[in-house]
Amino acid sequence: RERERERSAQEVLRDCGMDYLLEALETMPVTEAAMCWGTLGTVRPFVNFRPERDARALAAAMTNKDVNTLVRILTNRTNAQRQQVAQVYRSLTNQELVPGLKKVLSGGVQAVLLGLMMTPPVFDAHQLRNAMEGLGTDEQTLAEILCTRSPEQLQLITATYREEFQRSLEEDVRSETSQGFRDLLLALLQKQRENIAGGIEYPLIQRDAKALVESVKPKSKPSPEPWIRTLTHRDADHLNRVFDCFQSLAGRSVEETVQAAFSGDLRLGLLILVRSIRNTPELLADTVHRALKVSSCTVCVCV
């Protein structure tokens, strides 16, 4: 099954005219014997990294419109290494690297490489702005970013959003989303952990599970407030124990309960948050897999 998924991803990249990216991914160097099954998906620092050599190679590649070299270098460096290369490129050429890439590249390859040149908080800030700008709102993107970032990352994203766009992320979320879903996203942006990290607080686990059960009693209107507060104010280890306790009390899983009790964007956000709490890498891997299956060729996966 995994091989079938891999072949499907390769076919999509080729269909999108992204053979250069596919070749770079297939030839990514394995630098340690320990990098075997289960570790190859991790981005590691490039061995024998020399930013000046990379900067000169990129400059020559842009002059010659050598897309293969651009992809090979930029996809085989970590984000921190790419930022070093950009700084050295600036000092060597008195020009910025990103505008040069824009002139040479196009389509899906351009989207990927320009995304890779952003720092993670800048990339997230731009994706959030794109999700709320113009007609309609991309609730899926909002939820997937805000549900999978730590409180420290969210603080940095919020500050970066203001710096990049001179706008308040919280105010944009408040004006561009509907009630319920809006409350969830704002709680995520403001979240503070209230349980003791690393400890097992059995009385609190019981209280949280019972509060969730009470909020979705049969023949009464479901109350989202306990769900929002609990899921945004506890750490993942605590919440996974709460989920197990909830299932014992309610006789069904948290996911089944959310699916049945809530609707619309709030249900979407809660389900994404629950999946992130259970296993964030699995949620993100599924997001990538779904993106590769759509007909659009503007998929940008930045690590």
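The values are calculated or read from the model by the stated rules, or taken from the named source; none is laboratory data. Only a predicted model underlies this, so the values are computations on that prediction, with no experimental measurement involved. Cβ atoms come from the backbone with ideal geometry, glycine included; neighbour counts cover every protein chain shown. Each accessible area value is taken on the protein alone, full model and side chains, heavy atoms only, with ligands, DNA and RNA left out. Shrake-Rupley method; radii C 1.70, N 1.55, O 1.52, S 1.80 Å.
What spacing in nm lies between the two simple spin-label points modelled at Thr78 and Ser263, each 7 Å away from Cα in the Cβ direction?
Going from the Thr78 label point to the Ser263 one covers 4.8 nm.
Given R₀ = 22 Å, FRET efficiency for Asn94-Asp66 by Cβ-Cβ distance, to 0.05? Numbers along the way, then the final one.
Values: r = 21 Å, r/R0 = 0.98.
It comes to 0.55.
Roughly how many nanometres apart are two label points built 7 Å out from the Cα toward the Cβ at Ser248 and Glu214?
For Ser248 paired with Glu214, the spin-label model returns 1.9 nm.
Full extension from Val47 to Glu164: what is 0.36 nm times the residue separation minus their Cα-Cα distance, to one decimal in nm?
On the way: separation 117, 0.36 × 117 = 42.12 nm, distance 3.26 nm.
My answer for the length gained is 38.9 nm.
Tell me the Rg and the Dmax, in Å, that the Cα atoms of the range 138-238 produce.
15.4, 48
Keeping all protein chains in place, calculate the accessible area per residue for the range 187-278 (probe 1.4 angstrom), answer in Å².
Numbers: 4760 Å² over 92 residues.
Here the residues of the range 187-278 average 52 Å² of exposed surface.
So what's the net charge close to Leu156: Lys and Arg +1, Asp and Glu -1, counting the other residues with Cβ under 15 Å from its Cβ?
Working: positive: Arg149, Arg162, Lys191; negative: Asp124, Glu152, Glu163, Glu164, Glu170.
Its environment carries a net charge of -2.
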